[in-house]
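Inspection log for the structure reproduced underneath, given as structure tokens.
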Amino acid sequence: MLEYRSAAGRWVLLATVLGSSLAFIDATVVNIALSEIGRELGADSAGLQWTVNGYALSLASLVLLGGSLSDRFGRRRVFLGGVAWFAVASLLCGLAPTVELLIAARILQGIGGALLTPGALAILEASFTREDRPKAIGAWSGLAGIGGALGPFLGGWLVQSGSWRLIFLINVPVAAVVLWVAWRHVPESRNPSAARTFDVAGLLLGAAGLGGLTYGFTAWPEHGPGDPVVLASLAAGVAGMVTFVLVERRSAHPMLPLRIFRSRAFRGANLVTFLVYAANGGVFLLVVVNLQVVAGFSPLASGVALLPVTVLMLLLSARAGALGQRIGPRIPMTAGPLVCAAALAWLSRIGAGASYTADVLPPVILFGLGLCLLVAPLTATALGALDDSYAGIASGVNNAVARAAGLLAVAVLPLAAGLGSGSLTDPGALAPVYRTAMLVCAGLMTAGGVLAWLLIPDRLSAHTPVKTFCDPCSPPVHPADTADADRSGSR
């Protein structure tokens, strides 16, 4: 097992941060290039929309599969495969001669992202000592956040100075660095009790369920909740997920072992994840829009308004992880959302003529401090509540919950706040909706803090540590057996 401050630990952290950043950045950076893509490829609005949504759809649909595969066949192996897949898909995106081929390549990119994203966190959980995992996860949160924040700036510079194709082609050398570092320095681990047979029914139903929900929530803001396609997609998604659960209960070798939900801490961490990431989805959408439309900020000024959150995450996330390890996750996971709720109530007062230094910066800093308290202990709890043999699927579940929550918030929050048939570009219509939406997000954060206090234990139970190795020719080793997994699931 590695220590957080060791040289080997720093290499593992570098590989997982760079790999995760590839997936995080490509989820948003393409928005900057849409006008150039449309101009060069002659794409209509539907084609441009699918350039964005195709990536999100395939990633969200298959993220559970990525977590399950990493536990079965090796976390490093699946992570390496995901990074390589992502690099090839990025190359295809950069060379695409038509928008149809670009959309197909973006869907392939999402598949690569679904393989590498849960694998990155599972590697951290399996590689570091129990004492150092929260610090490593905290550092990963802060550094990956920096990558996500710098992505739009880098993308804008590449589009302006070169071509939109560069935002995809630059992924190839970065992925090559990740592959080299991970191959040389990341130890392998897996769950030896996991069957090597493939749960085809679980795969198809899980992908159909998550895919239907993702598409329905994505199309909702544009087409409205009464659109037949939206309703059919959501209905298919719900039916797929219900059938998925029924099939997994009866499967001898399920892709998602339902016994992991016996853990109260795991259930609680994912419920808190759903609430706080739904709130975050609304915040990061509406604050920026409100600053431009209502407060009159320039696009650049509104875009960097939330940058202090990223800076604070970089500086404090590892310390917050260490704090959660020292005093237990319950207090920071309760206090963090409550601090965020107070910040959002403050942010709800931003209106016409607002000053950044007086009206925006103070609540943004408070919001960032709350997230610093929350994110690393929350992620560490979602992974640490189960036996280490389930690190991959635990990460996959938590990623799926967070993405579903964000998509739901973007789709539902403006309508729930009273937008109706109004426009997000109309100051008169947006101002009251923004205030209501921020108060709703504050309520979600408050509910997350209350649930954390009720469901998260003061201390997580110890698990059998993963034995890892660095010889790529050796078989992956893990001492956990089925009995260990069942005992951890029953906690």
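Please state which one of Ala295, Ala252, Ala322, Ala279 is surrounded by fewer than 22 Cβ atoms within 10 Å (Cβ to Cβ), modelled with pLDDT of 85 or more and aliphatic (A, V, I, L, M).
Exactly one of Ala295, Ala252, Ala322, Ala279 is surrounded by fewer than 22 Cβ atoms within 10 Å (Cβ to Cβ), modelled with pLDDT of 85 or more and aliphatic (A, V, I, L, M), namely Ala322.
Given the condition under 28 Å from Ala139 (Cβ atoms), crowded, with 22+ Cβ neighbours inside 10 Å and of a type outside the set (S, T, N, Q), answer yes or no: does some residue in the range 32-42 qualify?
The answer is no; no qualifying residue exists.
If Phe217 passes every condition in (1) within 30 Å of Gly74 (Cα to Cα); (2) among the hydrophobic types (A, V, I, L, M, F, W, C); (3) touching a residue at least 40 places away in the same chain (Cβ under 8 Å) but one, which one does it miss?
(1)
If we keep just the residues of the range 323-350 that are touching a helix residue (DSSP H, G or I) at 6+ places or on another chain (Cβ under 6 Å) and not hydrophobic (A, V, I, L, M, F, W, C), which is farthest from Val288 (Cα to Cα)?
For the range 323-350, the residue satisfying everything is Gln325.
Considering only the range 322-362, state which residues are in contact (Cβ under 8 Å) with a residue 24 or more places away in the chain, over 18 Å from Gly448 (Cβ atoms) and of a type in the set (S, T, N, Q).
Scanning the range 322-362 gives a single hit, Gln325.
Is there a residue being part of a helix (DSSP H, G or I) and modelled with pLDDT under 90 anywhere in the range 230-239?
Yes, because at least one residue in the range 230-239 is part of a helix (DSSP H, G or I) and modelled with pLDDT under 90.
For the range 97-131, which positions are β-branched (Val, Ile, Thr) and in contact (Cβ under 8 Å) with a residue 60 or more places away in the chain?
Val99, Thr117, Ile123, Thr129 - these are the residues of the range 97-131 that are β-branched (Val, Ile, Thr) and in contact (Cβ under 8 Å) with a residue 60 or more places away in the chain.
Let's see how each residue does on (1) hydroxyl-bearing (Ser, Thr, Tyr); (2) within 30 Å of Ser233 (Cα to Cα); (3) surrounded by 19 or more Cβ atoms within 10 Å (Cβ to Cβ); (4) touching an Asp or Glu at 6+ places or on another chain (Cβ under 6 Å):
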{"site": "Trp164", "(1), (2), (3), (4)": "no, no, yes, yes"}
{"site": "Val177", "(1), (2), (3), (4)": "no, no, no, no"}
{"site": "Arg184", "(1), (2), (3), (4)": "no, no, no, no"}
{"site": "Glu188", "(1), (2), (3), (4)": "no, no, yes, no"}
{"site": "Asn191", "(1), (2), (3), (4)": "no, no, yes, yes"}
{"site": "Ala201", "(1), (2), (3), (4)": "no, yes, no, no"}
{"site": "Leu204", "(1), (2), (3), (4)": "no, yes, no, no"}
{"site": "Thr218", "(1), (2), (3), (4)": "yes, yes, yes, no"}
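Considering only residues that are of a type in the set (D, E, K, R) and outside any loop (DSSP other than H, G, I, E, B), look in the range 1-49 and name the one that is modelled with the highest pLDDT.
Looking at residues that are of a type in the set (D, E, K, R) and outside any loop (DSSP other than H, G, I, E, B), I get Glu40.
Which one of these is closer than 19 Å to Gly406 by Cβ and small (Gly, Ala, Ser): Gly303, Gly324, Gly296?
Exactly one of Gly303, Gly324, Gly296 is closer than 19 Å to Gly406 by Cβ and small (Gly, Ala, Ser), namely Gly303.
Show the residue pairs meeting these rules: Cβ distance below 9 Å; 6+ apart or different chains; first residue within the range 281-307 and more than 14 Å from Ser355 (Cβ to Cβ); second residue among the acidic types (Asp, Glu) and assigned to a loop (DSSP other than H, G, I, E, B).
The qualifying pairs are Val293/Asp426.
Spot the failing condition for Pro118; the list is (1) closer than 16 Å to Ala382 by Cα; (2) over 16 Å from the mean Cα position of the chain (by Cα), and only one is missed.
All conditions are met except number (2).
The values are calculated or read from the model by the stated rules, or taken from the named source; none is laboratory data. If you're wondering where the values come from, they're calculated on a predicted model, not measured in any experiment. So basically every Cβ, Gly included, is an ideal-geometry build from the backbone, and we count neighbours across all protein chains shown.
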